[in-house]
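The values are calculated or read from the model by the stated rules, or taken from the named source; none is laboratory data. Model, not experiment: these values are computed from the prediction. When we count neighbours, we look across all protein chains shown, and the Cβ atoms used for this are built from the backbone with ideal geometry, even at glycine.
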Amino acid sequence: MKSRIVLHPSGKSVDCALGDTVLGALEAAGYALPNNCRAGACGECKLRVRSGDFDQGVVLDMALSPEERIAGYGLMCMAKPVSEELVIEWVSEDARPKLFSPRQSVLFVVVHKSICAARVAELHLRPVGPALRYWPGQYVTLGDDGAGVPYRAYSMANAPRPDGEIVLQVARSDEGGTSAWVHDTLEVGEQVKINGPYGSFVGDPTVDTPVLCLAAGTGLAPVLALAEAALRRGFRKPVTVLVSARSAADVYGRGMLSWWHARHRHFSYHVTLTREKREGYHHGRVDVVLPTLLPDLSRHTVFAAGSPEFVDSCLATVRKLGAQDALIHSEGFYHQNALADEASGLSFING
Ligand code: FES
């Protein structure tokens, strides 16, 4: 028996073969539903089912509470339709990832802080309440109204975790502002408020092409999150990350990148230094190095994140190498000084 899963309110539907999960059927049809553990343990794939019956399988109460069950919610990674039709709530009308509504003033505790590169601090934040739901590649804003520290945008550098911990990487800006507060004042154990998630620099889990990620500076943060999520869900196509930095002292993230490379044969990464020649690194800008690594990008999905200049140069390069516009995603981080309350802040533009 085949079931029909209807996405409310669009009325679009997908077929689900007997024994398939709702998540599997949605993904097979090109609909991206956030997910993480795919085993009923994290709650990421929770949706409300408006009508129809499904076998929920064995899931953890912490991922789906008895109250949520009564309210009609289910975990789609484990849910298997058992009626002819299952109507689920699906806010967006197309096959793009469904973005989560941003939340305001979500309380987190700084559980860890370290300096991971010459000018980059890494914060590990744990939520006091429920985890913030987000897509890898998205960002939050962090600041402190009480202390006059303006809110600034920082990408999550990790894929969503069951404990809700998020990792933010904050580059020290010459103008001071929020980044100076993070580097010099904010301490482990303090509580902070964040807003988000925001942004649409998100990976499509249904993508079935090789992937190239280009990152400079803290543009590496969303790339790390996207790569972690893709590898965790068993993405099998080649994934190549190219990191550009001025000098070796500016490079961070090599631990995770090396670990992924050791665990996943199809994952590789390269670091190129633009102002230093050093063994074990490439030398030169992305437009010089990339053609030697991947001369044909006609089948690649490309992600590029960093300063607008870096992103522009990457886009020009990947287009020259055959990348198709529909498969190019970019996020430029820029310093915005136009407004007083935005002075020295890091903002984002999506492309
Ligand atoms: Fe974790 Fe469904 S993906 S509960």
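Figure legend. Inter-residue proximity from segment 44-57: first residues at positive phi and in contact (Cβ under 8 Å) with a residue 12 or more places away in the chain, second residues charged (D, E, K, R) and away from the ligand (no atom under 14 Å from the Cβ), beta-carbon distance below 7 Å, spacing 6+ or different chains. Indicated pairs: G52/E85.
Taking the condition modelled with pLDDT of 95 or more, among the acidic types (D, E) and surrounded by fewer than 21 Cβ atoms within 10 Å (Cβ to Cβ), does D61 pass? Judged against the criteria, D61 is not a match.
State the number of residues belonging to segment 27-57 that are within 13 Å of K80 (Cβ to Cβ) and more than 6 Å from the ligand (Cβ to nearest atom). Summing the residues that are within 13 Å of K80 (Cβ to Cβ) and more than 6 Å from the ligand (Cβ to nearest atom) in segment 27-57 gives 7. Evaluating G19 against the criteria (1) small (G, A, S); (2) over 16 Å from E89 (Cα atoms); (3) within 14 Å of the ligand (Cβ to nearest atom); (4) touching a residue at least 60 places away in the same chain (Cβ under 8 Å) leaves one unmet condition, (3). Whether any residue in segment 151-171 is assigned to a strand (DSSP E or B), of a type in the set (A, V, I, L, M, F, W, C) and over 15 Å from L125 (Cβ atoms) is what I want to check. Within segment 151-171, one or more residues are assigned to a strand (DSSP E or B), of a type in the set (A, V, I, L, M, F, W, C) and over 15 Å from L125 (Cβ atoms). Of the residues V286, V318, the single one that is crowded, with 21+ Cβ neighbours inside 10 Å, in contact with a Ser or Thr (Cβ under 7 Å, 6 or more places away or on another chain), at pLDDT 95 or above and of a type in the set (A, V, I, L, M, F, W, C) is V286. Only one of the numbered conditions (1) farther than 26 Å from A153 by Cα; (2) among the hydroxyl-bearing types (S, T, Y); (3) surrounded by fewer than 20 Cβ atoms within 10 Å (Cβ to Cβ) is violated by S307, and that is (1). Here S114 fulfils each of the conditions (1) within 12 Å of the ligand (Cβ to nearest atom); (2) modelled with pLDDT of 95 or more apart from (1). Per the conditions (1) away from the ligand (no atom under 16 Å from the Cβ); (2) surrounded by fewer than 20 Cβ atoms within 10 Å (Cβ to Cβ), the sole criterion not satisfied by L7 is (2).
When the residues of segment 246-259 are filtered to those that are touching a residue at least 60 places away in the same chain (Cβ under 8 Å) and crowded, with 16+ Cβ neighbours inside 10 Å, the one that is nearest to P160 (Cα to Cα) is G253. Filtering A262, A230, A215 for residues that are aliphatic (A, V, I, L, M), over 29 Å from R133 (Cβ atoms) and either assigned to a helix (DSSP H, G or I) or in contact with a helix residue (DSSP H, G or I) (Cβ under 6 Å, 6 or more places away or on another chain) (or both) leaves a single hit, A262.
In this structure, does I88 turn out to be in a strand (DSSP E or B), out of contact with any Lys or Arg (no Cβ under 6 Å at 6 or more places or on another chain) and either surrounded by fewer than 18 Cβ atoms within 10 Å (Cβ to Cβ) or of a type in the set (D, E, K, R) (or both)? It is false that I88 is in a strand (DSSP E or B), out of contact with any Lys or Arg (no Cβ under 6 Å at 6 or more places or on another chain) and either surrounded by fewer than 18 Cβ atoms within 10 Å (Cβ to Cβ) or of a type in the set (D, E, K, R) (or both).
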